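In what follows, a structure is listed as structure tokens, so that the remarks can point back to it.
The values are calculated or read from the model by the stated rules, or taken from the named source; none is laboratory data. For clarity, every value in this text was computed on a predicted model and none was experimentally measured. Neighbour counts run over all protein chains shown; Cβ positions are idealised from the backbone, glycine included. Ligands, DNA and RNA are stripped out before the accessible areas are found, and what is left, the full protein with its side chains, is counted by its heavy atoms. Shrake-Rupley method; radii C 1.70, N 1.55, O 1.52, S 1.80 Å.
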Amino acid sequence: MSPTYPEQVSGWAGTGTILNDDSPVLSVSDVSTNEGNSGTTSFTFTVSSTIPAPTGGITFDIATQDNTATVANNDYAARSLSGQTIPAGQNSYTFDVTVNGDTLVEPNESFFVNITNVTNASVGDGQGAGTIQNDDTALLVISQVYGGGDNSGAPFRNDFVEIYIAARRP
Ligand SMILES: [Ca+2]
Ligand SMILES: [Ca+2]
Ligand SMILES: [Ca+2]
Ligand SMILES: [Ca+2]
């Protein structure tokens with residue numbers, strides 16, 4: 001005999017939400033990489049679509065934007081492209097940004113990659129963040145210590161310690 005649970009089957013109502021997966025939604029990836037000390041590093045951002053691009057492809061403009069990392073500070077190279085395409089049947093597109101290595105002591109800094117003027121898709125996350133991870137530290141050196149201040153015949157009235165930055169990285 002099979003049990004019955006009438007109190008559980010009466011009066012129950014559920015809501016089923018059917019997510020629309022028939023139209024593509026775009027998002028831009030985030031990238032976080034060490035800066036490097038010389039030369040350049042490519043930060044590769046991926047624009048991806050939830051489903052393959054329809055006939056005619058998905059088109060958009062894509063460009064970098066300063067945040068705490070700036071073009072003026074030579075942290076990375078500005079890049080802006082119009083009319084980029086994810087071809088029909090494909091899901092993704094990549095966009096390289098050139099980050100400049102240096103030995104300046106900086107905090108981690110970031111810039112953005114934005115997509116605009118999108119056709120044939122909606123935008124889920126239209127902004128990628130590029131985080132340039134600091135890999136530089138100051139190396140401080142005590143170059144002089146003077147403890148004879150105000151002694152008889154001393155050339156200096158006060159004791160002092162002199163510190164300088166010997167190098168921008170180890
Ligand atoms: Ca560096
Ligand atoms: Ca900087
Ligand atoms: Ca930098
Ligand atoms: Ca740096």
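Is at least one residue of region 91-111 free of Cβ contacts under 8 Å to residues at least 24 places away in the same chain and away from ligand 1 (no atom under 16 Å from the Cβ)?
No; the residues of region 91-111 include none that is free of Cβ contacts under 8 Å to residues at least 24 places away in the same chain and away from ligand 1 (no atom under 16 Å from the Cβ).
Step by step: first the residues of region 124-146, then only those that are open to solvent by 60 Å² or more (accessible area, probe 1.4 Å) and free of Cβ contacts under 8 Å to residues at least 60 places away in the same chain, then the one that is nearest to ligand 2 (Cβ to nearest atom). Which residue is that?
Among those residues, the one meeting the criterion is 137.
Select from region 31-55 the residues that are assigned to a loop (DSSP other than H, G, I, E, B) and open to solvent by 60 Å² or more (accessible area, probe 1.4 Å) and write down the one among them that is farthest from ligand 2 (Cβ to nearest atom).
55
Can you run down the residue pairs with Cβ atoms below 6 Å, 6 or more apart or on separate chains, where the first is in region 51-72 and assigned by TED's automatic domain parsing to the domain that holds residue 92 and the partner is in a loop (DSSP other than H, G, I, E, B) and within 16 Å of ligand 2 (Cβ to nearest atom)?
What qualifies is 64/78; 69/75; 71/78.
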